[in-house]
Amino acid sequence: MSCAAKIRRHTTSSVVYQNMEGAGAYGGGKAGGVFDPIGFIQRPQVIVRAVSWFFSIIIFGCISSQGWRYDEVKGKQVCLYNEDRDACNYGVGISVIAFLATMAFIVGEYLFEQMSSVKTRKHFVLVDLAFSAFWSFLYFVCFWYLASQWGQSTSPDNGVGVSNVQAAIAFSFFSIFSWAVTAFFAFQRFRQGADAAFATNYESDANMPTSYPSYPGGPDTDQQYQEPPFSAGPNQRGPTDFQAPAY
């Protein structure tokens, strides 16, 4: 490959890479851009995360406040979900983790467009996709677990805490979809990044020159090939004109 061809290939790859960075890798804006707080709040990812954050507060707040009652016979606090301590602990546990994780991901959304490395953005999107999908599954288990235990429970005296435990079940169900939507947004981002990387490689290959000059700086740059230097001329013998000497 000649020096001119290498320069053209390097220039083409650099332009395509800069265009991808200018458009924003993995669905984000260009790194180093001006932060827009209104646009940040209006992002679908941020809105859905705020909803998930609100749901997690309701779930662990309802279970922690009135999900337990004091049993005078046993002399201890028992869970209203069929006196299954694990049900109450599970609902509170995954909701507290979801509460903390949601705030961490919101901060990550703020820093996402400040990430100049495409690889760093890819890692963030993959972690977001895996965690959101997994937590959607955990909330499905939570909803099924709490609902099944509540169906086997006896109604507490004077109905104390009934609305709270039912609200925890309902918002566990809603959280399945909020985290699933978050996982869907992360999957869309991952596809955008993968498609951009594929298009960059394809454009780089498509813009490569299909022919090269015979040697750099030749007298005729439009001529792609030259005759072999030892080809037979009109007064020269070719390789098939050899005659055996006569003795």
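Read-outs throughout are calculated quantities, based only on the coordinates presented, and are distinct from any laboratory measurement. Everything quoted here is computed from the prediction, not taken from an experiment. When we count neighbours, we look across all protein chains shown, and the Cβ atoms used for this are built from the backbone with ideal geometry, even at glycine.
Of the residues Phe99, Leu129, Met115, the one whose Cα sits farthest toward the positive end of the charge dipole of the stretch 53-140, with +1 on the Cβ of Lys and Arg and -1 on the Cβ of Asp and Glu, is Met115. For the stretch 105-122, the Karplus equation 6.51 cos²θ - 1.76 cosθ + 1.60, evaluated at θ = phi - 60°, returns couplings of 5, 5, 4, x, 5, 5, 7, 4, 6, 8, 7, 7, 8, 5, 5, 5, 5, 4 Hz by residue, with Gly and Pro reported as x.
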